[in-house]
Amino acid sequence: MEVLKSGDAPSLISNLEVMQLLQERIAERQAKQPGSPKGGKDGEKKIRKGPCQNRDWIEQTVLDHLESSPAGGPGAKVEEVPKLVERLRRDPAGGASTATKNGSKCPPGYGLTDAETLQVLNHLPASLVELHLLIEDIDQREALDDEEKQMGLLRLISEYSGRPVEEGGGDDDMDTDE
């Protein structure tokens, strides 16, 4: 066990990592119980009775919530999330593209902080409004200073989440009766 020094913050984990951990724990627990049903009536998940039934219920409820969130959606590409994280955090100051170890060009990043990257992974925004809520001072960042660059980020996130990007979001769509 690693002892944290005073002032050290624990690592932050994404909803996706929590979901995977809970899936493993529940599957392991079900495998240990001989003859235990994987579901009750009408596909209802069975929570065993006993000293840990509250823990089991909490874990199952959290897992159900995470699976219904954008990060747990059916179109999410879990195996490619590290590529998305690397791209979100890469410094945008590298110009149009930067060279990788094998000499190929990779597109510039967005320079998001650790907290912003975690927020994006957990919420997987699909609209400009959601993006503006997650990234502080988005208009002052060179890599995201106009709507087209922000839509590019949403399209990148959409590739990993499987959710369609909601186009628009400007003030042009508002009706005025004057």
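Quick one: count up the residues across segment 123-166 that are under 16 Å from the mean Cα position of the chain (by Cα), open to solvent by less than 60 Å² (accessible area, probe 1.4 Å) and hydrophobic (A, V, I, L, M, F, W, C). Residues that pass the stated criteria total 10.
Go through segment 58-70 residue by residue and tally those that are within 10 Å of the chain's Cα centre (by Cα) and either surrounded by fewer than 13 Cβ atoms within 10 Å (Cβ to Cβ) or free of Cβ contacts under 8 Å to residues at least 60 places away in the same chain (or both).
Residues meeting the conditions: 1.
You will find that of ARG87, ARG55, ARG48, the residue that is at pLDDT 80 or above, surrounded by fewer than 16 Cβ atoms within 10 Å (Cβ to Cβ) and basic (Lys, Arg) is ARG55 and no other. Among the residues of segment 139-153, which ones are free of Cβ contacts under 8 Å to residues at least 24 places away in the same chain and not in a helix (DSSP H, G or I)? Once the filter is applied, which keeps residues that are free of Cβ contacts under 8 Å to residues at least 24 places away in the same chain and not in a helix (DSSP H, G or I), segment 139-153 yields ASP145, ASP146.
The values are calculated or read from the model by the stated rules, or taken from the named source; none is laboratory data. Keep in mind it's a predicted model, so treat the numbers as computed, not measured. When we count neighbours, we look across all protein chains shown, and the Cβ atoms used for this are built from the backbone with ideal geometry, even at glycine. Keep in mind that these areas ignore ligands, DNA and RNA; they rest on the heavy atoms of the full protein, side chains included. Shrake-Rupley method; radii C 1.70, N 1.55, O 1.52, S 1.80 Å.
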